[in-house]
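To keep things clear, I will list the structure first and then write my remarks on it.
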Amino acid sequence: MIKVTDVQYARISVPDLDLAEEFLTNLGLVRSARTVKALYMRGSDTDHHCYIAELNEQGQPGYTGMALAAASAEDLETIAKAEGASPIEAIDEPGGGNRVRLTDPAGFGVDIVFGIQQLSPIPVKNIQPQNTGSDRQRLGNRAQFTSGPGQIKRLGHVVLFVEKFEECVEFYGSLFGFISSDKMFDDGDGETIVSNFMRCDRGKKHTDHHTLYLKAMTETRCHHLGLEVEDLEAVQIASHYMAATDHKHNWGIGRHVVGSNIFDQWLDPWGLMHEYFADMDMLDAATPTALTAVSESLVTHWGPPHPYF
């Protein structure tokens with residue numbers, strides 16, 4: 001086992017790179033590189049890219065896999081010994097680095113990566129001190145905001161519906177050190193675990209409530225990608241711009257009960273969901289796993305009711 005530190009990027013198959021770039025730019029990502037076959041998009045954080053759109057004019061569009069960040073080059077050597085793993089190889093794509101390739105039980109690719117190029121951060125716009133009812137932080141200044149596309153910081157989580165649920169939980173836990181934040185049980189019998197919010201094990205360092213969510217389903221697909229923005233203000237600005245550019249909305253704006261994050265969900269031209277999120281619970285490795293009814297994953301503290309896919 002190694003303990004990965006975060007999700008690095010998602011890899012998505014698309015039939016049209018121009019249309020993909022238009023959507024992703026409106027969403028709030030920034031082009032880092034583009035080749036004849038692929039588009040590499042970044043957030044405002046320093047990673048060279050957090051999203052790869054690969055051209056496939058004949059195949060089914062959608063999610064094909066992700067990369068997880070290794071903590072060290074030595075961890076690549078360790079994971080290369082796992083059953084089914086490739087040898088360590090140089091990444092022949094923009095950003096460089098090295099990787100070990102595996103395939104999860106659902107059939108999705110999983111790259112374990114280290115040494116991908118880091119870039120200068122992009123300054124985050126629209127950060128304003130908040131005047132709450134009990135804590136005044138903005139004194140003597142008027143709040144000012146810039147309209148336009150949202151500003152995504154990073155890819156934060158991947159949500160997968162899988163037929164081989166238990167095998168996937170074991171795969172990601174035993175190989176990469178993922179631990180459970182919330183195990184979700186079936187409301188009908190109160191016992192059977194049917195989904196799992198999983199986070200990276202960073203020891204005493206707090207990390208996102210979930211980097212990976214697995215749910216047992218009769219189909220296998222990516223449900224959505226979670227893209228972090230700065231705060232609620234950033235979610236609102238991004239949502240307003242997406243609506244004005246006539247993209248298809250799914251659900252939000254609201255605040256989840258499980259994970260507590262604010263969210264807003266939009267569909268790409270081929271139906272893959274992309275979720276803005278902000279203000280997620282942060283947990284360390286000592287935080288105990290909660291047992292929660294799976295129906296709670298569709299409940300919000302506030303916001304519109306779930307559209308039920």
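The values are calculated or read from the model by the stated rules, or taken from the named source; none is laboratory data. These figures come from a predicted structure and were not determined experimentally. Heads up, the Cβs are rebuilt from the backbone with ideal geometry, glycines too, and the neighbour counts pull from every protein chain shown.
A few remarks follow.
- Of all residues in region 1-47, those being touching a Phe, Trp or Tyr at 6+ places or on another chain (Cβ under 7 Å), within 30 Å of Glu83 (Cβ to Cβ) and outside any loop (DSSP other than H, G, I, E, B) number 3.
- Restricting attention to region 259-297 and to residues that are out of contact with any Phe, Trp or Tyr (no Cβ under 8 Å at 6 or more places or on another chain) and free of Cβ contacts under 8 Å to residues at least 40 places away in the same chain, the residue that is nearest to Val235 (Cα to Cα) turns out to be Leu267.
- Checked against the criterion of being within 18 Å of Gln117 (Cα to Cα) and in contact (Cβ under 8 Å) with a residue 24 or more places away in the chain, the candidates Thr25, Thr5, Thr78 yield just one match: Thr5.
- The residue list Leu29, Leu24, Leu39 contains one member that is within 18 Å of Pro94 (Cβ to Cβ), surrounded by 20 or more Cβ atoms within 10 Å (Cβ to Cβ) and over 15 Å from the mean Cα position of the chain (by Cα), which is Leu39.
- Any chance Ala67 is touching a helix residue (DSSP H, G or I) at 6+ places or on another chain (Cβ under 7 Å), at pLDDT 95 or above and either in a strand (DSSP E or B) or farther than 15 Å from Phe108 by Cβ (or both): no
- Among the residues listed as Ala278, Ala293, Ala216, the single one being at pLDDT below 95 and farther than 21 Å from Glu21 by Cβ: Ala293
- Residue tally, condition crowded, with 16+ Cβ neighbours inside 10 Å and either free of Cβ contacts under 8 Å to residues at least 12 places away in the same chain or touching a His at 6+ places or on another chain (Cβ under 9 Å) (or both), over region 94-118: 4
- Any pair with Cβ under 6 angstrom, 6 or more apart, that starts in region 159-181 at a residue that is buried (at least 21 other Cβ atoms within 10 Å of the Cβ) and ends at one that is hydroxyl-bearing (Ser, Thr, Tyr) and assigned to a loop (DSSP other than H, G, I, E, B): Val162/Thr220
- Hits in region 196-223 (condition: more than 17 Å from the chain's Cα centre (by Cα), surrounded by 17 or more Cβ atoms within 10 Å (Cβ to Cβ) and closer than 22 Å to Asn261 by Cβ): Arg202
- Close pairs from region 137-153: first of a type in the set (Phe, Trp, Tyr), partner assigned to a loop (DSSP other than H, G, I, E, B), Cβ under 7 Å, at least 6 apart: Phe145/Asn126
Conditions (1) in a loop (DSSP other than H, G, I, E, B); (2) among the small types (Gly, Ala, Ser), marked per residue:
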position	(1), (2)
Gln128	yes, no
Ile152	yes, no
Leu155	no, no
Leu175	no, no
Ser181	no, yes
Ser195	no, yes
